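Please treat every number below as a calculation from the coordinates, not as lab data. Here the structure is a predicted model, which means the values were calculated and not measured. Cβ placement follows ideal geometry from the backbone for every residue including glycine, while neighbour counts extend to all protein chains displayed.
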Amino acid sequence: MLEFQWNALRTGDRVVVHDDADPRFGLHDATVSMVRTRFPGASEIGVRCDDRPSVMTRPWRHAVHLVPLEGDPDCWRCSASATNVSPTAVSVAPAGS
């Protein structure tokens with residue numbers, strides 16, 4: 001996610017997040033639950049995944065995608081996990097396709 005998109009996120013926005021603890025870098029549907037604005041620089045964002053609503057995580061900016069997901073050719077996590085797609089995701093194509 002680009003920095004201007006990251007800084008535009010607001011509480012309640014829907015996103016999909018790569019799980020860095022998963023070796024397949026699976027995508028999880030999530031809701032932005034915390035935004036702490038930082039200037040200059042990127043905001044601090046907290047999300048709650050739909051499958052773990054009691055846990056708030058603070059993912060890296062590059063591990064988050066906007067919904068609907070149309071595939072990000074520059075996302076190495078999407079390239080690594082092209083077969084493990086969230087139901088919300090429209091399509092995730094490997095880079096170069």
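Laid out as a table, the results:
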item	result
Residues (touching a Leu at 6+ places or on another chain (Cβ under 7 Å) and within 16 Å of THR57 (Cβ to Cβ)) located in segment 2-16	VAL15, VAL16
Residue check for PHE25: aromatic (Phe, Trp, Tyr), within 15 Å of CYS78 (Cβ to Cβ) and over 10 Å from the mean Cα position of the chain (by Cα)	yes
Selected residue (only one of ASP29, ASP51 is acidic (Asp, Glu) and surrounded by 13 or more Cβ atoms within 10 Å (Cβ to Cβ))	ASP29
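Residue by residue, here is whether (1) in contact with a helix residue (DSSP H, G or I) (Cβ under 6 Å, 6 or more places away or on another chain); (2) free of Cβ contacts under 8 Å to residues at least 12 places away in the same chain; (3) surrounded by 11 or more Cβ atoms within 10 Å (Cβ to Cβ); (4) under 23 Å from ASP74 (Cα atoms) holds:
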position: GLN5; (1), (2), (3), (4): no, no, yes, yes
position: ALA8; (1), (2), (3), (4): no, yes, yes, yes
position: ASP13; (1), (2), (3), (4): no, no, yes, yes
position: ALA21; (1), (2), (3), (4): no, yes, no, yes
position: VAL35; (1), (2), (3), (4): no, no, yes, no
position: VAL55; (1), (2), (3), (4): no, yes, no, no
